[in-house]
Each structure stands twice: as C-alpha cells, then as structure tokens.
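Reading through the structure tokens given below for one structure.
Nothing in this text is a laboratory measurement; each read-out follows from the coordinates by a stated rule. Predicted, not measured: the structure shown is a model, and the values here were computed from it. Glycine also receives a Cβ, built like all others from the backbone with ideal geometry; neighbour counts cover every protein chain displayed.
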Amino acid sequence: MSTTVAESPAHVRSGSLRLLAPALLGLACLLPGLLSTLARVVDPFFYRNAAFLAAELSSPVLHDRDIAGTSYRLMDHIGYDSLLGAVARVTGIDPGQLMFLAVGAAMVPLLYYALARTLLRSRALAAMLALYAAYDPTMGLTQYSTHNYAWMHVLFLAAALVYGEILVRGRTVRRVLWLFALFLTSFVVNWTVPVWLILLVGLGALLVWCRDRAAREGMLSLAAAFLVLYFGYSQVFYRDILGALERATALEAVPSLLQEVGTILGWGHAVAGPENFQVPPTGSAVWDWARLLRTLVLALGTALPAACLLWEAWRRRRWSDLLAGEALWAWAMLGAGIGAALAYTAYGHVSVRLLVFMLPVVGMVLWQAAGLPRRYALGFGALLVALAVAQFAAAIGSLWPTAASRDEGLLARGAEYVQRTGDGRVLSDLGTLGIYLLEDGRRGESFLPCYYSAPRYAAIIGYSGPTEQGEGLQGCDVLVINLAAADRPTASIGWRYYEPLAPYMSRIDANPRLQRVYDDGVTVVYRISRGAR
Amino acid sequence: MKRWWLITLPPICCVILAVVARGTVGAVAGLLLILFLPGWMALGLMEGSRSTMAVRMAKAVALSLVLSVLVSMAVQLLPWGLSRESVAVTLGALAVGGAVVGRRLGAPLEQGFWPALGSAALALALIVGTVALAPRGRTAPTALYVESMDRSAAAERALITVRGARAGDHLRLVGDRVVEVPLRGGDWSGWVRTSSPLRVELWREGRVVRMVSVGGGGR
C-alpha cells in the first residue's frame, strides 16, 4: 500500500500540532468548571430542581409535586426536568452529584467560540472570547454545571449562531428549520430564552427591512410565529407576569432601580437597619475592582466602535452602511439585550443578563465592522480575559469549601436532627435549605422553609434600631446555621443577600428568643421560643 | 466515515455501554449519547464539510440537546416511560436511523422549498393565534397543582387547583379513604385535608393524566 501525501509523517506531525492548540484551549476553558465542581459551587435555587429529580427518580412519568410547601410546576420547564431526568437515569449519577457535573463548562465556551468564529475573522479573538465565557464568574458560576442556565445558554448561543449565518450567508431551509427547532426546545426548557429569541429575530427582521425591503433574510413571519407560539402556550406569562400586572406589582423594579440610583447620588434615603445588598457572594476587593473594570471595559469596548460606525454613517449620509453583514447581527443582539432587560421588569427585577452575556461578542463584531485596528481588538479581548480570570480566582478562593463543609455526612446529620425532632418551619440560608430539601427529596418528603427577610434578620441578631416592619420570627420554629457558610453573605429568595452571620454569632447566642439545641461543629440549630413567633 | 460500520458502530457501542455499564464508563457513555452523538450523526448529513470543526462540534452539541430534550419528553408518553433503557435505545436509534435514512435520501433539502416553508410559518402563526388566543388559554395544557398550603390550623389543608379540565374529568383523592370529585371542565379549586399523606389524581377517559402528592411528609 503506497503512502499518500495526506498520510506522510510530516503532514501527520503538523496535523498533531494543529490539534494541540484547540486541545489546550479546551482544557483552559474547562478548568474553571472543574474547579467549581471541586468547590461544589451551586446556585441555591438549583436545589429545588435537584430535590424534584431525586423524588421523581423512581417514577417513569414525571408529575407535579409538592416541594417545600409549594407546587413544583412541571409545565414551567418540562423539557429541562425531562432532560435532567434522562441524564440521571442514563448515566446513573446521583442528583446530588449531577448538580456539580461540569457539563455546561464544556458546552458554553465551545458554543461561544463557534459563534465568534462565525461572526469574526480572527481565530485569536474567538479563542479569547471562549476563555472569557469560561472564566466570567457572573455567568460561569451558575452555567458550569447541569443547572438550567447551562442548557438555555447553549440553546441561545446555537440560535444566535444560526441566525448569524442566516444574516451573513443567507437564508436556507436548513437554517430556518434549525432556528425553529432551537426555539421550540428552548421554549420547553426555560421561558426566558424564547423571549430573547423573539426579540433577536424580530429586531433583526426590522433592521433588514430598514436596510433593504426586498431582502430575504428578514423572516418577519418566523418572528411572528415565535411570538404567537409564545403567547399561545406560555403558562408563566399568563400565570406570573399577567398576574403581576393584575396585581399592579409589575414594573416595580423600575422605581426601585431609580431609587437605588438616587440613593447613590444622594437624592434619596437609605432604609435604616440591616439592609439587604445585592452583590455577588464574596467580600474580596479583587472581585470588586475586577468587576468594576470589566464593566467599564465592556461598556467602552462596545460604545467606542458603535460611535465610530454611527459617526461614519452620519458623515457619509449612508445609514445602510450601519447594517451591513455582521454588524446587523450585533445591533439586533444589542437591541435584544436592552429589550430583554426592559421585558424582565414585568417579572419584578431588572435583569441585564443577556447584555452581560453577549456584550463581548457584540463589541468585537462592531469593532470589526468599524474597521478599527485589529491589535486594539486583541488588546480589548486580552484585558477582558485577564479581568475575568482575576475575578474568577477571587470568587473561587472565597467559595472554596472547608474540610468540614465538604463532609456531606456531617451536614446530613444536622438535617436528620431537624427531621427527627419534627420542628416544623426551618429558617436558614438558601444553600442550607437546599441541602435539606435534597435530603428530604431522596426520602420522598418535603418540609416548609422560612426565608430570611430584613425584619427576620434583625430579630435574629437582636437588632433594636429602626427597620422595615415585618413578620419578625413569626411562623418559624427553628433557626439552622451552617457554620461553614456563616462567613458568606446569607442568601434568600428573590436574589437577596444579607450580611454574613459569623460576626453576629455571639449576639445570636445571647438572644433570649433563641435556644441552642444542637451543635455538631458544622450545623447549629436554635429553637425559636413561642413568644417570638 | 464512508463505511457503514464506521458510521453506525459508535452510537451502537454507546447504547450498549449506557445500558449495561455502570460507574464512570456508563456515565461517560450516557453523556456522549445524550449530549453529542445524535447531533453529530445527524449533522454529518446536514452540514457536509463546509463549516470548521469547532462550529460543527458546537452545532452537534446543540442538535443533540434538541433531540435529547424532545426524546426525553416523548418517552414519558410511551408505555415504558422514562428509564435508562428507553432513553438510551431511542437516542441510539435516532442516531443510527438518522444516519442510514440520511444516506439513503442523499442531498439536503432544496433551496426552492423555502416559499412553502415561509407560507407554512405564516399559516402556523395565524392558526395558533386564532385557536390559542381566543379565548385565552383555551389550548393551555391541563394542570393540577397545589395552590397553597395551610399548616397553621389544627388540621392541615391544601388548596388544590385544576386548570384546563374537560367535561367528564374527575379528581380522585386517595388517602385514608378514596373520594371522587367530578369536574365540569374549565378551572376548579378546592381545599382538601392533608393530615395524612394524600395523593390527588386527575382522571380522564379511564386513566390518570396528572397527579400530585401532598401532606404527610411535612413536619
């Protein structure tokens, strides 16, 4: 058998070298996910899904289930629950371990790289963006695992990629079918991503129409189909969002945001007492500085090329230049990010998640479209990666668990004590409640949690100054403190965090309303006296 | 990858390993089968070699995710339900079958097919809009859930809600004794005592279509 040119040793060697770079890039991208797995980083909200999975693992058909006193509504994310159920069954991995499996850490950077390679002409820039997506802790710490964010971000990135191909290389049947399948799947996985896709495709269609009314890439009919499907079948929209509108609580995030800004500028009054703070769960100065700088770099890195493009179009009086090729994708994505932030206010929060997630690639695409020097773009990318790595290092350092907190047996012992005494409603931070929820899910049981609020926090640490009026400790039977997590901000529902409890432990012990009934060095349980409830 | 055995062997091996093997090998085979192989096999037929390897891999992951989500949702409706074997075999069959059928069919869909698809999207929008939005929630799937719990009273109770019930449906409360509640269609809410474990089943045409367990486990 003769040796062909393609099989010659020199060719094989250069092929191996060509494979080395992507392999190293892949490993570098996987590293933060693996570290997060070792540190057992978890979004406390994920525990509810895991508890549901643990409880339903033996059932061949998933059902709605009563978890922690409220119904776990399968129809809100049936695709996600089914997928997680399939992964757990086929791989045989326990739900408690599946929560920390670095699946998203492998998928998201790959999709981000592919998206950047489709829209950018530079392989180095695409690699930097993949690294950024892997290390950015604001997204990475939740999307590294099998959390809903991992799947929904993968689906959205794939849809953004296919839509980019449609805008840049033209519309084909295959690409349209792709986009449709991704929309339908994201619809059953999470209700947010379909909104992002409707905004992206709708805005893209409008921009295409503005540029060239005869162009075929617009697909306004597809955007309409997405919109109608969403409003035809979205349970969350009719139950939660429309319900919020009927209760007139929608858009309350806007005045609260304005109040926050006013307070910073000295125009408003801060609420006295142990005010909640919504910062990431770390007290590290490196984190704070890296976060601030990264936000500034992202904003400048997008605003500068955008301003250049606008100036050039205005100077030449040719506005269609703004919407050429990849730039149209970037403007549509930017608009979708802003639109998603506004749309989310109907849910009671201002969420800039899509903007934060997509701004790096939007900025780079605009940079390329503006024709600015490539070395500056590389510098911008390198700076972003460096800041993301610094921020990730600060986060993982503060989140790294102690030996005691890694001991699941010890944590389970505290849960068993509370379960055995049958002490009713348990007040604790969201992470500890999640561990208890998972333990109960394995037994097919459920308990009633009590969540932290400013008045409850004040009542626990014996704060006597002015604070918000509220329920105090009413309705709570026991207070559980996980000592290993007591030096971190105390998480509660509604994305609220309160000060760490560790500095207040002596005040909690001295609180006459609380009686210490259990302490194994990891978990401390206090019984709340009846008069305090 | 021109030989048949080279195309079909990886998914077949993965299915066998995912079903038979346990531990790390079974987990890796299962993850490959759910998150990569079906998409990779299907994409080989759709994309050809025009895209870069990274883009093809990314698309394979996304397509696998699409297939896995839809398959895991679908097998729940089948008599054997969601299990290791049903998911693995279905995904494997899709991967192998997709490759075989794709090879038989040959070229991808023609570009000229688009006008029909464009009209279909518009027609779909109109049909779904007309049917689903007037009146609101008419086609909403049936839901059964616990609206709220009351455990402060002497007897625990839960507010059960049914949405989208049809005429002839009935609720079956299975606890210490069995109680049947006929439904007239539409939405229904009612308090039930949950001092002991209680299973609430929504029956339609002789079978349970929704079920929720309440009470008993709460402390």
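How far is it, in nm, from the label point at B:Ala74 to the one at B:Ala21 when both lie 7 Å from their Cα along the line to the Cβ? Those two pseudo-labels are separated by 2.6 nm. Mind giving me the FRET efficiency for A:Leu24 and A:Leu342? R0 is 30 Å, r the Cβ-Cβ distance, nearest 0.05 is fine. Calculated value: 0.15.
Taking the Cβ of A:Leu119 as the center, what net charge do the other residues with Cβ under 13 Å away carry, scoring Lys and Arg +1 and Asp and Glu -1?
Values: positive: A:Arg117, A:Arg121, A:Arg123, A:Arg169; negative: A:Glu165, A:Glu326.
Net local charge, A:Leu119 excluded: +2.
Cβ-Cβ distance of A:Val61 and B:Leu9, R₀ of 30 Å, FRET efficiency by 1/(1 + (r/R0)^6): the value works out to about 0.35. Peptide A:219-231 shows a mean partner chain C-beta count of 5 within 10 Å per residue C-beta.
Over segment A:292-361, what is the mean sequence separation of C-alpha contacts under 8 Å (at least six apart), divided by residue count, expressed as relative contact order in percent?
Numbers: 35 pairs, mean separation 17.8, N = 70.
Taking the mean separation of contacting Cα pairs over the length of segment A:292-361, I get 25 percent.
Other protein chain C-beta atoms within 10 Å of residue C-beta, averaged over B:196-208: 1. Take each residue of peptide B:67-78, count the partner chain Cβ atoms within 10 Å of its Cβ, and average: the result is 6. Note on A:Trp319 and A:Trp289: their simple-model spin labels are 4.5 nm apart, each label 7 Å out from Cα toward Cβ. Take A:431-441, B:15-25, A:333-343 and order them by the average number of nearby Cβ atoms within 10 Å per residue, most first; the result is A:431-441, A:333-343, B:15-25.
What's the center-to-center distance, using Cα atoms, between segment A:38-111 and segment A:297-364 in Å? When both Cα centres are located, 34 Å separates them. Counted by Cβ distance under 13 Å from B:Asp169, the other residues give a net charge of +3, where Lys and Arg count +1 and Asp and Glu count -1. Modelled label positions at B:Glu147 and A:Ala303, each set 7 Å beyond Cα in the direction of Cβ, lie 5.0 nm from each other.
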